[in-house]
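One structure is given here, and the rest of the page talks about it.
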Amino acid sequence: MAAEELNVTQAAVSRQIKLLEDDFGTALFNRLTRAVELTDAGRRLFPQVSDAFHQLELASSQVWGNKGSGVLTVSVLPTFSVKWLMPRLLDFSELHPDIEVHLVNTIAPVNFERAEVDLAIRVGSTESQDSNLSQVEIDLLMVRGGEALIYQDLLPDEMIAVASPDYLARHGPITNVYDLQHVDLIHMATRQNAWADYLFALGLKAPPTQDGPSYGHFFLSLQAAIEGRGVALVPEILGKADLRSGLLVQALPQKVQSAGAYYLIGRKSGWKQKKIRIFREWILDKAHRI
């Protein structure tokens, strides 16, 4: 793993460790059959070396902080990328041609200590948020690792039920929450309790049917709804474009807040770097125009 992160061979890492141990005159690692662990000397050295690298990162950030150009790498949820961010990025490119935005599309928790990303967009809850029974649970973990991060509120995560006009024409209108018991519900593998939480929040205590199709991304759920395969439960901000185009309609007028929101996340040490600040200000402006 260290070799992959440094983009060198494992042998090269082993040679550098051996040179370091020769320099100190003591072993820093115990070589086990399938792993390595720090010796007592290694454990004493680690926090000091870690702090030195952190100070080096801070100093580097201050030197490079005024650069308003270069590559900006953003880790983003796939459906948010396709349905919300990418249609707006042309505007950013025209305003800031010197900043090249690279998108890493994944639902995995972002680890800023290991990942080569400047910012991340995730949906979830922070420690300051309390969930309750009238909200839709979010199963995704936003981040991993212990690096000091900043969470910037970006957009709300409000869930709505959507379907194609053709599906509603074939199955009849949905006039209340009880009608959802008699239609095909499209489920999300990453939010398995979403329908149950949504229906409970609207007063329906009976568990929803599990017979409908299940998908791993919201853009697949939206496409399934467009194709008339059932009623999908999606974040309103992800379905707005398809609602405006008429491909989908809101099956019920009620929307239910999830137990979280969409956040822009970044390292505290790089939060004020010029290219990051430029992107932050731009995306917050776009979010406020929703």
Looking only at region 23-32, filter to residues that are of a type outside the set (A, V, I, L, M, F, W, C) and at pLDDT 70 or above; which one of those is surrounded by the fewest Cβ atoms within 10 Å (Cβ to Cβ)? GLY25
Do you know which of the residues in region 263-274 that are out of contact with any Ser or Thr (no Cβ under 9 Å at 6 or more places or on another chain) and assigned to a strand (DSSP E or B) is farthest from LYS286 (Cα to Cα)? GLY266
Odd one out for SER269 among (1) closer than 30 Å to ALA196 by Cβ; (2) crowded, with 18+ Cβ neighbours inside 10 Å: (1)
Which ones in region 149-167 are under 30 Å from HIS182 (Cα atoms), in a strand (DSSP E or B) and touching a helix residue (DSSP H, G or I) at 6+ places or on another chain (Cβ under 6 Å)? GLU158, MET159, ILE160, VAL162, ALA163
Restricting attention to region 146-154, does a residue exist that is under 27 Å from ILE290 (Cα atoms), buried (at least 20 other Cβ atoms within 10 Å of the Cβ) and of a type in the set (Phe, Trp, Tyr)? no
May I ask you to verify whether GLN192 is surrounded by 12 or more Cβ atoms within 10 Å (Cβ to Cβ) and farther than 25 Å from PRO109 by Cα? no
Would you check if there is a residue in region 169-185 being closer than 21 Å to LYS83 by Cα and surrounded by fewer than 19 Cβ atoms within 10 Å (Cβ to Cβ)? no
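The values are calculated or read from the model by the stated rules, or taken from the named source; none is laboratory data. These numbers come from a predicted model, not from an experiment. A quick note on method: Cβ atoms are made from the backbone with ideal geometry, for glycine too, and the neighbour counts reach across all protein chains shown.
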